[in-house]
1. Do we have G70 as under 16 Å from the mean Cα position of the chain (by Cα), farther than 21 Å from L131 by Cα and buried (at least 19 other Cβ atoms within 10 Å of the Cβ) here?
2. Among V190, V201, V208, which is within 20 Å of H25 (Cβ to Cβ), free of Cβ contacts under 8 Å to residues at least 24 places away in the same chain and of a type in the set (A, V, I, L, M)?
3. Are there any pairs with C-beta distances below 8 angstrom linking a residue in the stretch 27-38 that is farther than 17 Å from G193 by Cα to a residue that is open to solvent by less than 80 Å² (accessible area, probe 1.4 Å), with the two at least 6 apart or on different chains, and if so which?
4. Taking the condition of being more than 14 Å from the chain's Cα centre (by Cα) and either within 12 Å of the ligand (Cβ to nearest atom) or farther than 29 Å from V153 by Cβ (or both), how many residues in the stretch 180-196 meet it?
5. If you check every pair at least six apart or on different chains, which have Cβ atoms under 9 Å apart with a residue in the stretch 104-115 that is over 11 Å from F56 (Cα atoms) first and a residue that is of a type in the set (V, I, T) second?
6. Specify the residue that is surrounded by the most Cβ atoms within 10 Å (Cβ to Cβ); the eligible residues are those in the stretch 27-66 that are more than 9 Å from the ligand (Cβ to nearest atom) and not in a helix (DSSP H, G or I).
7. Hey, can you tell me all the residues within the stretch 1-16 that are within 13 Å of G193 (Cβ to Cβ) and touching a residue at least 60 places away in the same chain (Cβ under 8 Å)?
Amino acid sequence: MNGFLHTLGFVVFPYIALTVFVFGHAWRYVTDWKRWNAASSQFLHKDSIKGGITIFHWGALLTLLGHAGGMLIPQRIYDVFGVNAAAHNFMAHWAGLVAGMLMVPGVIWLLVRRIRQDRIAANTPVHDYILLGMLLVVSGLGLYNVVFTHYDVLYSVAPWIRSIVILAPQPDLMAPVPVSYKLHIITALVLLGYSPFTRLVHIWSAPVTYLYRSYVIFRKSPGTKGA
Ligand code: HEM
C-alpha cells in the first residue's frame, strides 16, 4: 500500500467514518425518532427468527465487548493485573472464535430468512439486505482472521485504534498488519459510518433499565371479568 493510500485508509477515513457515526446518530435521533427502533419482524414470521436472532446477538454483543475491552485498554493495564500479552492473546483468540462462530452463522440465518420467507422478503427494504450483507462481510473477515491469520494485534492494531481515539493518529503502526486485518478494519469503519441510517440505532436504546427498575404491578379492577 503506498503512503497516500495508507494515510487515506488509516487516518482520513477513520475520522470521516467516526464523524458520520456521531453526527449521523444525532441527526437521525432528532429527525427520525419515530423509526429509532429494531424494526422487529417477529409478527411477520415468528418461528424463523428465534435461533438466528439469538446466536447472532450473543455473538455481536461478545464481539463488541471483546473489541472494546481488548483494544481500548492498553496491555500495560492488563500487565498490572497479571494478564501478560500471551494470556491476553489466548483469551482474545478463544473469545473471538466463539463470537465469530455465533455471529457468522447467525447473520447468514437472518439473511436467508429474509430472502426465503415471502412475507419477510416483501417487507425488507434493500438497505436491510445491505446491512446484513455488511455484517456478514465484517464478521466473516473477523472469523477468517481468528482462524487463519493469527496476527498479534496488541502492539499494532490496538495502539493504532487508541491513537485515533485520542486524536493523535499513528498510521505507521498499521504498516506491517496483514491485508485481511486491514480489510476487516476498513469494512468495519464503513459499517460504523452506515449504522446511524439503519436499524442498528436500536443498540443505543437497549432496555438496560429493565435490570433494576421496580416491578410494574398489575391489578385487576373490581368487576373485571374473570377477577
Ligand atoms: C444492546 C443490546 C441489543 C438489544 C436489546 C437488541 C434487540 C433487538 C431486537 C428486539 C431486534 C428485533 C428482533 C425481531 O425482529 O423481533 C433486533 C434485531 C436486530 N439486531 Fe439487535 N439488539 C441489541 C444489540 C445488537 C447489536 C450489538 C447488533 C449488531 C452489531 C444488532 C443487530 C441487529 C440486527 C441486524 C437486527 C435485525 C435482524 C433481522 O431482522 O434480520 N443488535 N435487535
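1. Taking the combined requirement at face value, the residue satisfies it.
2. Every option except V208 fails the conditions.
3. If the second residue must be open to solvent by less than 80 Å² (accessible area, probe 1.4 Å), the pairs left are N37/R199; N37/V201; N37/H202; N37/S205; A38/R199; A38/H202.
4. Looking only at that region, the number is 0.
5. R113/I49; R113/I120; R114/I120; R114/T124; I115/T124
6. S48
7. F13, P14, Y15, I16
Here is a yes/no grid of residues against (1) out of contact with any Gly (no Cβ under 9 Å at 6 or more places or on another chain); (2) under 30 Å from L44 (Cα atoms); (3) in a helix (DSSP H, G or I):
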site: R76; (1), (2), (3): yes, no, yes
site: A92; (1), (2), (3): no, no, yes
site: I120; (1), (2), (3): yes, yes, yes
site: I130; (1), (2), (3): yes, yes, yes
site: G142; (1), (2), (3): no, no, yes
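The values are calculated or read from the model by the stated rules, or taken from the named source; none is laboratory data. Note that the structure is predicted; figures quoted are calculated from it, not measured. With ideal geometry, Cβ positions are generated from the backbone for all residues, glycine too; neighbour counts draw on all protein chains shown. Heads up: the accessible areas ignore ligands, DNA and RNA and are worked out on the full protein's heavy atoms, side chains in. Shrake-Rupley method; radii C 1.70, N 1.55, O 1.52, S 1.80 Å.
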